[in-house]
Structure formats: structure tokens, C-alpha cells
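The values are calculated or read from the model by the stated rules, or taken from the named source; none is laboratory data. Being a predicted model, the structure only gives us computed values, none of them experimental. Heads up, the Cβs are rebuilt from the backbone with ideal geometry, glycines too, and the neighbour counts pull from every protein chain shown.
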Amino acid sequence: MEEVMNALRKIQSELDLQKRTILENGEKVTETVTQNINSILEDKFKIWDEKYENFKEKLENQENRIYSLEKQVRKNNIVFFGIEETETSYQILENIIINFVKKYFSLDLDHRDIKEVKRLGRKGEKSRPIIATFTTLGIKIKIFKQRREALRETTYYIAEDYPKHILEKRKELQVQAKLEREKGNIAKIKYDKLVIQVKSKTTGRNKRMLSSPLESPTDDETNIKASKKNKHRAQTERTSNLSEGFGKPSILNFLLPPPSITGNKQKITTKTKTHLPTRLVTVEDQDHNPSKNRSLENKKNIDVCTINVRSLSSAQKLIELKEALTYVKHDIIGLSEVRRLGEKIAEDEDYITYHLGETKGLHGVGFLVKKEYKESIQNFTGISERVCILEILLEKIPFAIIQAYAPTESSTQEEIDSFYGDLEKAHRLISTKNEISMGDFNAQIGTPKPYENKVAGKYGFGNRNKRGEKLIQYAQEHNLKILNTMYKAKHKNRWTWISPDKNTRIMI
């Protein structure tokens, strides 16, 4: 009997052990299954999150492009208020505008100067405003310059043509502008931004700033003052170590005549001036071919250049850039790889700064324009984080400057095609023939071939890569010249990029 009881106890002990084992295994299986399900769900949600972020980014890019296109479409428009509604046909309405402009603004227009005229809104008892689209921006500028004096003693007035959402934003800014004026500041609304002129507490002088500046200047910043002698300059020079620049052949004689060479130094000789170009180096980099101090004659020139700044993500970087520019002749600088999010215009004591960025810590383009040209700036247009446009009047001549930052050699073909697609959009938006395309194109042209003499000079350097072939094709399609290849220099000085180990030099 005792043996039977021992056997039963042993069986019971084994059953208990098996039960505990089954329970433990069940918990492990449950935990494993739960982990697998959670992992699958996390992967699914991660994919959806990425798709959502991509969609959100594309939507923001599309909105920015629509914003730019809408602004571009309306830039030649003027809205006339108070003109009696007596016309019975479109032809008569055109004649009313032509006669009105001739009477009050002393401008002789004909029907070729007007692209379109129409009344706004539904017909009622009051005369509806007239919106007129002129064929050139110059006509609009001439009218706006005279508007206050010409219409002072009349019941007529004219205004810019703004989209509905811009009008609503301007109404909101008017409230903010009123508050600023009550504080004793001068506040002006420019398109959809508020410009505030604040009185300096230390010097009593006025200092301009925008409601959303790029960076507020500090007291330690080096001021770059333009001399009175060189205040208005109307020709363009190019420095020897900048990235690629293009100019329309039709304006090359005006911008950059063929260079004359003296010894081993490159001179740019024009009808008004002969001087040696200076150099610009990136922040924290060393100038391997430093220039000597050279005095420039008092002649009319506009110095346009471009640089890859590698980053302007902090105030210190901006200060360092301005300090580096102290020794460089410049009026307009195109900026590549700014690495700042958003689209902003900032104004300080020396510069008007514009930048556009869409990816945090990457890419970005912009302009740095000396403040003396503030009234000449017509428009900043952002196409993408790699392409933007500056439209400016230089000596009353309209110019369009495209600033570009191309994808690097390691980028995908889709990124390259997208970049050149953005360049095409920029060209379609430009209405003037006076055009400069410049920036960091990340392309090696190498030594140009003889049959490429219409787009390139004979002073190339190194070997050509696929990006260089694409750049040559782009220049041919748009009848542009690659200016980097048009200036004679010693073979050892033709490079524009040096590797960190200082062993590799190429022209990009």
C-alpha cells in the first residue's frame, strides 16, 4: 500500500511539473506572439507615418509653388478705382485705360502695351474697379512712381493686385502695424510681410527689421558700408574661385567682355574700368590663392557672385560670412546650401537677405543683396529649396538672377531630373532677356570640346563627369555660356574646389 501511495505521489509531482512547464511555455508563446504583432503594427505605422510626412512635404512644396506662381502672374497688374463705367465693349475699355494713363501719367501707350483689361465683380450702381495687365513690368513701375502726385487732386486711385488670402493677411498686419505706430515706430506692409523701423536706443539712428528676420544682427558684426562713389554700378564682374555662372550671350558684351591677360593675373577689361578680381572663401576655410589689396576706380559696376556657404544655420555663421565679405567686392551674392527652414526676407543695416529651405539641416538657397539696392529689388521667387530667383532693376534695366544648388554626384537620377525641372520652371517665369544663372551646380565640365564653343570657353580643367554633360546640355538648351571656362589662368589656379586632405583639386 505504501508503494502505491509513493507511486501516486510521484505521478502527482510529475503532473505538477508538466503543468508548470506548460504554463511557462504558454506565457512565452503569448509574449512572443504579442511582440511579433506589435512589431508588425509598428512597421505598418512607420510606413504610414513616412507616407504622411512625404505627402505633407509635397503639399507644402506645392503650396509654395502656387504662391510663387500666383505672385508672378499678378506682378504686371494694376487695379484702377473710380473710373466711370461707360464702355460698351472691350475695345472701348482698353481705350479708356490708354487715355487715362496718358492724361494723368503722361505715358503714350498703345494696345500692344496692354495684355488684358477687365472690370472686377458684378455690375451694379457703382463703377467697378478695372484690373489692367501690362506687357512689361517697366510700364507698371513708371505708373506707380507717379501715382501720388498724378492723382492727388482727383477721386481716382490705383493699387496692387493681390490675391484674396493676401488681402486678408494684410488686414491682419494692419492691426499689428497700428500697434507699432502707437509705440513710435514706423511700420509698412510689403506684400504679406510687415516691415518695422525701430529707433535705436544707443545711437538714435533708425534700424530696419522685418517681422520675421533671418537673424538679428549683433553689435559685434562687421558693417560693410558701400562708398558713395560706387553706390550705383551697372556692370557685373566675376571672382575667380566662385561656382559656375551663366549669362545670356545677348548681354555678355554688357556684363563680361572678353578678358585681357597681363602676366599670370586675370583682368576683366570693360569700357569703363579695368581691375583685378578678388577671392571669396567659405567660412573656416583657407584661401590658397590670396589676392593683394587693390584699389578700384570710381566706375559704374555691379559685382555679382555666388558661394556655397555650407551652412548659415546660426547667427555666428552669418557673422563669419559678413566678416569674410569685408575684403571682397560684392553687391549681390547668391547663396547655396543655406540649411535654413522656411522662406524669409530679412533686412538689417547692410543687407537684404532672402532664403528658402524645405529640409531641416540640408540644402537651401538664397540671396544677400546690399541695402543700397533695396528700392531696385522687384521680387524674390522661391521655386524649391534648390532654385530661387531675384528680379532686380540695375540702372533701370530689368535683370533676373537664378541661384541654384544642384544635387551631388551621389544623388539619384530622380533628384537630378527634379532639380533641372525646377530650373526649367524658373526660366519660364522670367520675362526679361537679361538673365544670369549661377550657383553650385556640382558638375565637372572638364576641358570643353571644340564644337561646344558656343556655350563654353577653352579654359576648362580636369575631366568631365555625367553631371557636367547634363550641365552642357542645359546651357545649350537655354543659349547660355559657362563663364568659368572663359577666363584664362594658370593650370594650377583653375580649380574651384579642394578636398579636405588638400590632395584633390577640381573645377566645379
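Tabulated data
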{"read-out": "Verdict on Asp108 being of a type in the set (Asp, Glu), closer than 21 Å to Pro398 by Cα and in contact with a Lys or Arg (Cβ under 8 Å, 6 or more places away or on another chain)", "value": "yes"}
{"read-out": "Residue in the stretch 445-463 that is β-branched (Val, Ile, Thr), at pLDDT 80 or above and not in a loop (DSSP other than H, G, I, E, B) present", "value": "no"}
{"read-out": "Inter-residue pairs, beta-carbon under 9 Å, first outside the structural domain of Gly382 (by TED's automatic domain parsing) and in the stretch 51-66, second of a type in the set (Ser, Thr, Tyr) and at pLDDT 85 or above, 6+ apart", "value": "Glu57/Thr359; Asn61/Ser384; Asn64/Ser384; Arg65/Ser384"}
{"read-out": "Checking Ala400 against (1) modelled with pLDDT under 90; (2) out of contact with any helix residue (DSSP H, G or I) (no Cβ under 8 Å at 6 or more places or on another chain), the condition it does not meet", "value": "(1)"}
{"read-out": "Among (1) modelled with pLDDT of 90 or more; (2) out of contact with any Gly (no Cβ under 8 Å at 6 or more places or on another chain); (3) surrounded by 15 or more Cβ atoms within 10 Å (Cβ to Cβ) - the single one Arg128 does not satisfy", "value": "(2)"}
{"read-out": "Qualifying residue in the stretch 422-433 (condition: at positive phi and not β-branched (Val, Ile, Thr))", "value": "no"}
{"read-out": "Cβ pairs under 9 Å, 6+ apart, first in the stretch 467-482 and in the same structural domain as Gln413 (by TED's automatic domain parsing), second of a type in the set (S, T, N, Q) and assigned to a strand (DSSP E or B)", "value": "Tyr474/Ser437; Ala475/Ser437; His478/Ser437; Leu480/Ser437"}
{"read-out": "So Glu160, is it of a type in the set (Asp, Glu) and without any contact (Cβ under 8 Å) to a residue 60 or more places away in the chain", "value": "no"}
{"read-out": "Residues of the stretch 87-118 classified as part of a strand (DSSP E or B) and buried (at least 16 other Cβ atoms within 10 Å of the Cβ), total", "value": "2"}
{"read-out": "Every pair of residues 6+ apart whose Cβ atoms lie under 6 Å, when the first sits in the stretch 169-184 and is over 16 Å from Gln197 (Cβ atoms) while the second is among the charged types (D, E, K, R) and surrounded by 14 or more Cβ atoms within 10 Å (Cβ to Cβ)", "value": "Lys169/Asp192"}
{"read-out": "Answer from Leu318, Leu335, Leu341 - the residue that is free of Cβ contacts under 8 Å to residues at least 40 places away in the same chain and of a type outside the set (Lys, Arg)", "value": "Leu341"}
{"read-out": "Matching residues, the stretch 407-434, being assigned to a helix (DSSP H, G or I), under 20 Å from Arg310 (Cα atoms) and either touching a residue at least 60 places away in the same chain (Cβ under 8 Å) or more than 16 Å from the chain's Cα centre (by Cα) (or both)", "value": "Glu415, Ile416"}
{"read-out": "Exclusive hit being in a helix (DSSP H, G or I), under 30 Å from Phe419 (Cβ atoms) and within 47 Å of the chain's Cα centre (by Cα), set Glu42, Glu53", "value": "Glu53"}
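The rows are residues; the columns are (1) at pLDDT 95 or above; (2) not small (Gly, Ala, Ser).
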site: Lys370; (1), (2): no, yes
site: Ser376; (1), (2): no, no
site: Glu385; (1), (2): no, yes
site: Cys388; (1), (2): yes, yes
site: Pro407; (1), (2): no, yes
site: Phe419; (1), (2): no, yes
site: Ala426; (1), (2): no, no
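Condition check ((1) over 21 Å from Gly138 (Cβ atoms); (2) out of contact with any Ser or Thr (no Cβ under 7 Å at 6 or more places or on another chain); (3) not aliphatic (A, V, I, L, M)) across all residues:
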{"site": "Lys46", "(1), (2), (3)": "yes, yes, yes"}
{"site": "Glu50", "(1), (2), (3)": "yes, yes, yes"}
{"site": "Lys58", "(1), (2), (3)": "yes, yes, yes"}
{"site": "Arg65", "(1), (2), (3)": "yes, yes, yes"}
{"site": "Leu69", "(1), (2), (3)": "yes, yes, no"}
{"site": "Asn77", "(1), (2), (3)": "no, no, yes"}
{"site": "Phe80", "(1), (2), (3)": "no, yes, yes"}
